[in-house]
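> Structure provided below as structure tokens; questions to follow.
The values are calculated or read from the model by the stated rules, or taken from the named source; none is laboratory data. Bear in mind that the values here come from a model prediction, so they are computed numbers and not experimental data. Positions of Cβ are backbone-derived with ideal geometry, glycine not excepted, and every protein chain shown enters the neighbour counts.
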Amino acid sequence: MSESAVAATREIKPATDSVRHPATHQRARGRFYVAMAGGLLLIVLLGFTRTLYLRAFFNVPEIPVSVFVHGIVLTAWFVTFFLQTALVAVRRTDIHRRLGWVAGGLGVAVLASSTAVTLNFAPRRVALGANLEASLARMSVIVWADFAALLAFTIFLSTAIALRRHPESHKRLMLLSSISLVHPALARIFLWSGFAGLDNIVLALVSTLLLVFALGRYDLVSRKRVHPVTLLGGSFFMGAMLVSIFLIATSEAGRSFVRGLG
């Protein structure tokens, strides 16, 4: 091969590498969202193993049909979210877009079933023998935390649908909407014997906020700055959860509302 041919070959290689870098970077980004979606699905499966999926093998109280349906709807949501992130990662955005309308319908079902289950939480606990006044403080925290999470979920999902043609914003909003739903599963995991003596609700809150911070860290690593959706959405979610748990749930008005439900 002549020297001129060798030189030409050397000049071509950087151009080829420059084409590959964006694809490699895109795959790395896709893996993050697939990993996060898979992690959230695993948390849900572990958290509700005893009370839903394998309840036949454990001595747990009976649950009404509405709670069972709620569990199935939530499971379907997290499975669909995982599939959606996987489809984007393998560049099947055509299927992703078609399945997106199914996810939107599931989102409405999540909101409806979660609201119904939250409103019936105190009455269910009383029916199982709980003393309303003795348990009111804890019930109030659970109910108001759920309401805050549902508010965040609704805002994130509706905004994600509106911004579906803006991938960077859309995928972050969808991840935040899923993170906002996961704290009940985390709270159940922290009831396991290995966490004895620790407040499972506080641990669930901290763990949920750490998931939000994981998205922020990903932004810093991948784009050298936090995406506005991550910053605004994460701040709103954290603020809503903290206000609901430490201000509304502990107020007389907040507890009176829960007392009225029971």
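> Just the residues that are of a type in the set (Val, Ile, Thr), within 26 Å of residue 31 (Cβ to Cβ) and surrounded by fewer than 20 Cβ atoms within 10 Å (Cβ to Cβ), please, taken from the range 219-262. Walk me through how you get there before you give the answer.
Of the residues in the range 219-262, the ones of a type in the set (Val, Ile, Thr) are 221, 226, 229-230, 243, 245, 248, 250, 258.
Add one more test, that the residue is within 26 Å of residue 31 (Cβ to Cβ), and what stays is 221, 226, 229-230.
Listed by number, the residues that qualify are 221, 226.
> Working carefully through the options 102, 60, find the one that is exposed (fewer than 15 other Cβ atoms within 10 Å of the Cβ), part of a helix (DSSP H, G or I) and in contact with a Ser or Thr (Cβ under 8 Å, 6 or more places away or on another chain). Even if it seems obvious, please write down each step before you answer.
On the way: 60 fails: part of a helix (DSSP H, G or I).
Exactly one residue qualifies, and that residue is 102.
> Pull out all pairs, ordered by first then second residue, where Cβ-Cβ is under 7 Å, the residues are six or more apart or on different chains, the first lies in the range 163-179 and is outside any helix (DSSP H, G or I), and the second is hydrophobic (A, V, I, L, M, F, W, C).
Note: pairs meeting the criteria are 163/173.
> Tell me which of these residue 112 doesn't satisfy, since it passes every other one: (1) modelled with pLDDT of 95 or more; (2) more than 27 Å from residue 67 (Cα to Cα).
(2)
> Please specify each residue of the range 117-132 satisfying the condition of being surrounded by 15 or more Cβ atoms within 10 Å (Cβ to Cβ) and in a helix (DSSP H, G or I). Give the derivation first.
Residues of the range 117-132 surrounded by 15 or more Cβ atoms within 10 Å (Cβ to Cβ): 117-118, 120-122, 124-126, 130, 132.
Listed by number, the residues that qualify are 117, 118, 121, 122, 124, 125, 126, 132.
> OK, next. Out of the range 203-259, which residues are outside any helix (DSSP H, G or I) and under 23 Å from residue 159 (Cβ atoms)?
Step one: filter the range 203-259 for residues outside any helix (DSSP H, G or I), giving 224-227, 249-251.
Within the range 203-259, 225, 226, 227 meet the criteria.
> Could you check, for the range 177-198, whether at least one of its residues is hydroxyl-bearing (Ser, Thr, Tyr) and within 30 Å of residue 132 (Cβ to Cβ)? First the steps, then the outcome.
Taking the range 177-198 as the starting set, the residues that turn out to be hydroxyl-bearing (Ser, Thr, Tyr) are 177-178, 180, 193.
The next check asks that each one be within 30 Å of residue 132 (Cβ to Cβ); those that pass are 180, 193.
Yes, the range 177-198 contains a residue that is hydroxyl-bearing (Ser, Thr, Tyr) and within 30 Å of residue 132 (Cβ to Cβ).
> Can you name the residue in the range 38-64 that is aliphatic (A, V, I, L, M) and more than 24 Å from the chain's Cα centre (by Cα) and, of all such residues, is farthest from residue 116 (Cα to Cα)? Steps first, answer last, please.
Taking the range 38-64 and keeping what is aliphatic (A, V, I, L, M), we get 40-46, 52, 54, 56, 60, 63.
From the residues that got through so far, the ones that are more than 24 Å from the chain's Cα centre (by Cα) too are 56, 60.
On the way: 56: 24, 60: 21 Å.
Among those that are aliphatic (A, V, I, L, M) and more than 24 Å from the chain's Cα centre (by Cα), it is 56.
> When the residues of the range 133-165 are narrowed to those that are among the hydroxyl-bearing types (Ser, Thr, Tyr) and either within 15 Å of residue 107 (Cα to Cα) or at pLDDT 95 or above (or both), which ends up surrounded by the most Cβ atoms within 10 Å (Cβ to Cβ)? Spell out the reasoning first.
If we filter the range 133-165 for residues that are among the hydroxyl-bearing types (Ser, Thr, Tyr), which is where we start, we get 135, 140, 154, 158-159.
From what's left, either within 15 Å of residue 107 (Cα to Cα) or at pLDDT 95 or above (or both): 140, 154, 158-159.
Details: 140: 24, 154: 18, 158: 15, 159: 18.
Here the residue is 140.
Every residue, every condition in (1) surrounded by fewer than 20 Cβ atoms within 10 Å (Cβ to Cβ); (2) hydrophobic (A, V, I, L, M, F, W, C), yes or no:
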residue	(1), (2)
167	yes, no
172	no, no
180	no, no
195	yes, yes
200	yes, no
207	yes, no
217	yes, no
